[in-house]
Amino acid sequence: MTTTSAEAAEGNKGNPFNFSWQQTMLRIKDPAKSLPFYEQVLGFHRLHEYKFDSFSLFFLYMPSPEEKSALPPSGSKESEKVLWSMKGTVLELTWNHGTESQPDLKYHDGNEEPRGFGHIALACDDVYAACKELERRGVAFQKKPDEGRMKGLAFAKDPDGEVLGGRSGAACVWKGWWLCTGRRLARSGRVCACLSFGPFLDRSPPPPTGYWIEIVSRDASAAAFRDPEAPRFSLAQTMLRVKDPRQSLRFYRDLLGMRLLAIKHFSDFSLYFLAQPASLPPSLLASLPASVDPSDESGRAVMKQLPGPVLELTHNHGTEKEEGFSYHNGNTDPRGFGHVGFLCDDLEGACAMLEGEGVAFQKKPSEGSMRGLAFAKDPDGYWVELVGRGLAI
């Protein structure tokens, strides 16, 4: 099933609770490895952090030069105010204390069974030059820009895994399709060791583990990136696999107020790209058509100019018809990805509205020891944190 342009446009109820996409959360094993990677290698700025008895949270942001000069010190009350009132989107890294000393612990990247979360993505002016620099600095790759059928994009790996070399077994040599949609090739009688890039097998060492970070190109002429002091990378997307795009679009677009920017249909999967209107520069927002036509490239052109990320929903055709089929939300074993999160103005009112629309909750605002936040569940069971704007912990 694929959506038509009319179906993609219908149903938006506006955004009365001023929802804004504020975070994507990943669990990390060792902050002594992950923080230098994200901050020093990729250029994230540590906006805020919390240190509790058994876990710590690190909120990483890609600010513009103007924003960065005005940001308060991380961990201060001032940075906390910025975090819970911002329009942008941060990467939240969650460290459960002691995991760094557990040699057998490895967080799940979502790209082997059980699948769900796929990757985050970073945009840059020159994918080839950026990947060459990342490789020089010791970063492992799942796919380099010239590998596979789709040239000009890459998948780097973060430090939450090690290169698992030195053992026998079949592994892909990346001659197949470029995007890991998690398609179960067994349907066609083909078997692939990692079910990622096609049925071409080799006796090469398996690829490195760790979260996937897609490296894509952006429009270097866009106003957001003209400043020579602008960061080399910008946070470009979070990808989630979804069973039924109609249900997912109703949740993220119609209920949470996101804007569908573009649709891309392929023979056996489709991609849906959404952004928060509040994060779109007015000139770009005004240039978008009222409805999205999959054949229209204007939305994808706008995406390349965005200073912030889009939510990419990946639909493998036919999953919506499979009884009992589900994706893994990352919050039961094997753990890894945690949630996406949204700020809102009236948490109680927003949760009441969502509950009235049939949305299930993992945690309501009045439950648990932490007030001022809730966890809803999207149609695939992914956790969606809802935080009252202006939260103070």
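Taking all protein chains as present, what is the carbon and sulfur share of the accessible area of the range 33-167, in % to the nearest whole number, probe 1.4 Å? Could you put the intermediate results ahead of the total?
Numbers: 3190 of 6240 Å².
Within the range 33-167, the accessible surface is 51 percent carbon and sulfur.
Calculate the spin-label point distance for Gln247 paired with Glu297, positioning each point 7 Å from the Cα along the beta-carbon direction, and give it in nanometres.
Roughly 3.5 nm, to one decimal.
Over the range 265-326, what lengths in whole Å, largest first, do the semi-axes of the equivalent ellipsoid take, defined as the square roots of 5 times the eigenvalues of the alpha-carbon gyration tensor?
Working: eigenvalues 150, 35, 18 Å².
Over the Cα atoms of the range 265-326, the semi-axes work out to 27, 13, 9 Å.
Set the Förster radius R0 to 45 Å, insert the Cβ-Cβ distance between Asp146 and Ser85 as r into 1/(1 + (r/R0)^6), and round the FRET efficiency to 0.05. Could the numbers behind the result be given before it?
Working: r = 43 Å, r/R0 = 0.95.
Using R0 = 45 Å, I get an efficiency of 0.55.
Give me the log10 of I(q) over I(0) for the range 234-393 at q = 0.09, 0.16 Å⁻¹, as the Debye formula computes it from C-alpha points; what are the numbers?
Values, matching the q order: -0.32, -1.01.
What spacing in nm lies between the two simple spin-label points modelled at Ser369 and Ala32, each 7 Å away from Cα in the Cβ direction?
Calculated label separation equals 2.8 nm.
Take every DSSP beta bridge whose two residues both sit in the range 14-169, then give the antiparallel share in percent to the nearest 5.
On the way: 14 of 20 bridges.
Beta bridges within the range 14-169, antiparallel portion: roughly 70 percent.
Any chance you could get the radius of gyration and Dmax over the Cα atoms of the range 44-135, in Å?
16.4, 43
Please compute the length gained on full extension between Arg136 and Lys264, using 0.36 nm multiplied by the number of residues separating them and subtracting their Cα-Cα distance. Please report the intermediate quantities before stating the final value.
Values: separation 128, 0.36 × 128 = 46.08 nm, distance 3.35 nm.
So the extension gain works out to 42.7 nm.
So which of Lys264/Lys304; Lys33/Lys151; Lys321/Lys364 end up more than 23 Å apart by C-alpha? Could the numbers behind the result be given before it?
Details: Lys264/Lys304 15 Å; Lys33/Lys151 30 Å; Lys321/Lys364 31 Å.
From Lys264/Lys304; Lys33/Lys151; Lys321/Lys364, over 23 Å: Lys33/Lys151; Lys321/Lys364.
Given 0.36 nm per residue, what is the gain on full extension from Ile393 to Lys77 after removing their alpha carbon distance, in nm? Working shown, then result.
Values: separation 316, 0.36 × 316 = 113.76 nm, distance 0.95 nm.
Computed gain between Ile393 and Lys77 is 112.8 nm.
Provide the percentage of antiparallel DSSP beta bridges, counting only those with both residues in the range 266-393; round to the nearest 5.
Details: 14 of 19 bridges.
So the antiparallel bridges in the range 266-393 amount to around 75 percent.
The values are calculated or read from the model by the stated rules, or taken from the named source; none is laboratory data. In this text, all values refer to a predicted model and were calculated from it rather than measured experimentally. Glycine also receives a Cβ, built like all others from the backbone with ideal geometry; neighbour counts cover every protein chain displayed. For accessibility, only protein heavy atoms count, side chains too; no ligands or nucleic acids. Shrake-Rupley method; radii C 1.70, N 1.55, O 1.52, S 1.80 Å.
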